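Heads up, the thing below is written out as structure tokens.
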2 protein chains.
Amino acid sequence: MRILADAFGGDNAPSEILKGCAAARRAYGYDITLVGDTQKIKACAAHDGTDISGMDILQADGVFSMETQPTEILKAGKDTSMAVGLRALASGAGDAFVSAGSTGALLVGATFLVKRIKGVKRPALGAVMPSGTTPFILVDTGANAEGTVPMLCSFARLGDIYMRQILGVENPRVGLANIGTEATKGTKLQIEAYQALSELPGIRFTGNVEVRDIPLGAADVVVADGFTGNVILKMYEGVAKMMSNEIKAMFKKNPLTMLSYLGVKSGMDGFRKKLDYKQYGGAPILGVQKPVIKAHGSSDAYAFQSALRQAADCVNGDVVGKIREAMQHEPQSESAGE
Amino acid sequence: MRILADAFGGDNAPSEILKGCAAARRAYGYDITLVGDTQKIKACAAHDGTDISGMDILQADGVFSMETQPTEILKAGKDTSMAVGLRALASGAGDAFVSAGSTGALLVGATFLVKRIKGVKRPALGAVMPSGTTPFILVDTGANAEGTVPMLCSFARLGDIYMRQILGVENPRVGLANIGTEATKGTKLQIEAYQALSELPGIRFTGNVEVRDIPLGAADVVVADGFTGNVILKMYEGVAKMMSNEIKAMFKKNPLTMLSYLGVKSGMDGFRKKLDYKQYGGAPILGVQKPVIKAHGSSDAYAFQSALRQAADCVNGDVVGKIREAMQHEPQSESAGE
């Protein structure tokens, strides 16, 4: 198992990326190839005291900045660590690629350098999220702003395979994110997708999921167009952040409340851990020919380590092979998704 | 000030509705007309010991059920308490109407019985919501599943007027809910709406609001198509509910955690109060010729009382007059919103 890691993606690169790689290597024994400027990687590791011995380094001169247009990954940005890593993945120099850099660029790069699995019209960005009960995957969270019915069907398939292979859910409940449970709810897209999803073979479509019930764990796979999925993801983060701020302020109010905190500290820690997206790694780009994981832009070492483990899980669970297999049996429509 | 109250809308009607009306009458001295079956209203008040003396009763035989198609409010449901109340409002028998019944039916009824203000293509459903800082209004939260650019501009105007007149915000920050702050983010709808909102006279358009920042109070008016607005509203409710459950469980764990709860009880109460949507009343239907308020379906007496106060605030703040005035100056497009 060799994982390619973009050493220069994300807010805390390369320092936290290198630490995450070292931790993953220590914990799981993966072979890791760091992609980026050799000299800077070595200098950073030396400065931090991070042990990168035993890791390969694949030289790449540039860094893909967050401000650059995503499509530049194929042009002006073709020598950045992200582009070099993706090409190395495509050529077989590694089994999976992880980057905390620009989501848009990683999507474009994965689609055009690693390439789509035959039958997949549009790769999707998944997000594994905690709920009040069991974690679920939300697909798509923004790879495609506009949605079509065939795309939503494809997202259902991709999410279903991910939950089976990576989270071991036997017969995932697949739900369509909607503003009501009735089949007639939503825009034209949801109304038509409801019918199409109902008829999708091998998928346990449990109908529309009221958005209110998503954080309570109402489905294992939540299907949404990229715009809606991104809104769901961001509202989750925003409300959780706002409430955490309020709770923190509440405990910090006075000596009595601070004392109270001690009594619930372990509970709060468990709560925080349960809601910590980092434990699930990053966002898998589903539908391309090798596992590509988008780690959170603000990844620290622990988050990046989790993303590396998730990449390895995707390799071990043969997510790509399972998607390829499913796509061979998928009814194909010429006009689908284009 | 006379407010018409649908005595038979919502999960807890008529008991909690009557109690809410009695409390509002006691607290604010409003004249209230209860709409519904006279005998049942009197029997319920007698049973509960609710003082409805001094309130008028407008007889209506039927109740509009949640399962009935909204458009039936104009046909088979025309003798229900909701329809009778809306017609009474239109005829001048009251200054505002409040119902906790079917949202869809109330929207159809308000649009076709109370009628739109000239220039308003589609009435919108607002929702006043708490944030980490100051409350904001989200428009639309589901009156219209599909959105158009002129509709979004109209929502901005309606929300702006509401925040000025009812919440006293002097120069409201109007933001477009989107998946990124850049003008090029989102679907075709958001990209085009961004431009149109930038050029809307008299509106302080502060650009796209990252959905993640909405619960933190990033805008005073959050503009969204009805589908997206409903997703935002429901995710807010869902995440808050999930986190509240977790916090509750944490404090209930053992004697030590229960003791700790006592230390933060006042803080928790304050927190709960801050996040309690009930304090802001219900959802105003904006763009019709008289104030119509949709109280939450699960309204208890307090929530219904707040909705009555909100209705009175709309009358006192002349929200309808201000909207009418603004619409006279609005650039009209023949094709707008249809």
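Please treat every number below as a calculation from the coordinates, not as lab data. Predicted, not measured: the structure shown is a model, and the values here were computed from it. A quick note on method: Cβ atoms are made from the backbone with ideal geometry, for glycine too, and the neighbour counts reach across all protein chains shown.
Shown here are the Rg and Dmax of the Cα trace of region B:141-226, at 11.8, 33 Å.
Computed 3J(HN,Hα) for region A:291-302, one whole-Hz value per residue from the Karplus formula 6.51 cos²θ - 1.76 cosθ + 1.60 where θ = phi - 60°, is x, 10, 10, 8, 7, 4, x, 9, 3, 9, 4, 5, glycine and proline marked x. Sorting the segments B:252-263, B:301-312 by their residues' average number of neighbouring beta-carbon atoms within 10 angstrom, most packed first, yields B:301-312, B:252-263. Here, P(r) means the percent of Cα pairs in each 5 Å bin from 0 to the largest distance; for region B:263-337 it is 3, 14, 17, 16, 14, 12, 9, 7, 4, 2, 1, 0, 0. Residue-normalised convex hull volume from the C-alpha trace of the protein assembly as shown: 175 Å³ per residue. Note on region B:176-238: Cα-only Rg and Dmax are 11.4, 36 Å.
Amide H contacts of A:Val209 (H built 1.01 Å from N, in plane; Pro and chain starts excluded): A:Leu176, A:Ala177, A:Asn178 sit under 5 Å, all sequence-distant by 5 or more or on other chains.
In chain A, helical runs assigned H by DSSP with n ≥ 4 each contribute -39500 (n - 2.57); averaged across all residues and rounded to the nearest 500, the mean residue ellipticity at 222 nm is -14000 deg cm²/dmol. Dividing the convex hull volume of the alpha carbon atoms of region B:29-142 by its residue count gives 164 Å³ per residue. At q = 0.18 Å⁻¹, what log₁₀ I(q)/I(0) does region B:124-281 have when each alpha carbon counts as one equal point scatterer in the Debye sum? The Cα Debye sum returns log10 ratios of -1.00.
3J(HN,Hα) couplings calculated from phi for region A:172-182 with the Karplus curve 6.51 cos²θ - 1.76 cosθ + 1.60 (θ = phi - 60°) are, in sequence order, x, 7, 9, x, 9, 5, 8, 8, x, 8, 5 Hz; Gly and Pro show x. Which FRET efficiency, nearest 0.05, do B:Ser198 and A:Ser53 yield, Cβ-Cβ r, R0 56 Å? With a Förster radius of 56 Å, E is 0.55. Other protein chain C-beta atoms within 10 Å of residue C-beta, averaged over B:259-269: 6. Under a 5 Å amide H cut-off, with hydrogens placed 1.01 Å from N, B:Gly62 pairs with B:Thr80, B:Ser81 among residues at least 5 apart or on other chains. Divide the volume of the convex hull around the Cα atoms of chain A by the residue count and you get 145 Å³ per residue. Each part gets one Cα centre, and for region B:48-78 versus region A:79-98 those centres are 66 Å apart. With the simple spin-label model, which puts each label point 7 Å out from Cα in the Cβ direction, the A:Ala43 to A:Thr134 separation comes to 5.0 nm. Calculated FRET efficiency, A:Asp61 to A:Asn171, Cβ-Cβ distance, R0 = 60 Å: about 0.80 to the nearest 0.05. Within region A:262-289, find all residues whose amide N lies under 20 Å from a label point positioned 7 Å from the Cα of B:Lys265 along Cα-to-beta-carbon. Answer for this model: A:262-265.
Ignoring lysines fewer than eight residues from A:Lys290 along the same chain, the ones with Cα atoms less than 23 angstrom from its Cα are A:Lys75, A:Lys78, A:Lys115, A:Lys118, A:Lys121, A:Lys278, A:Lys322.
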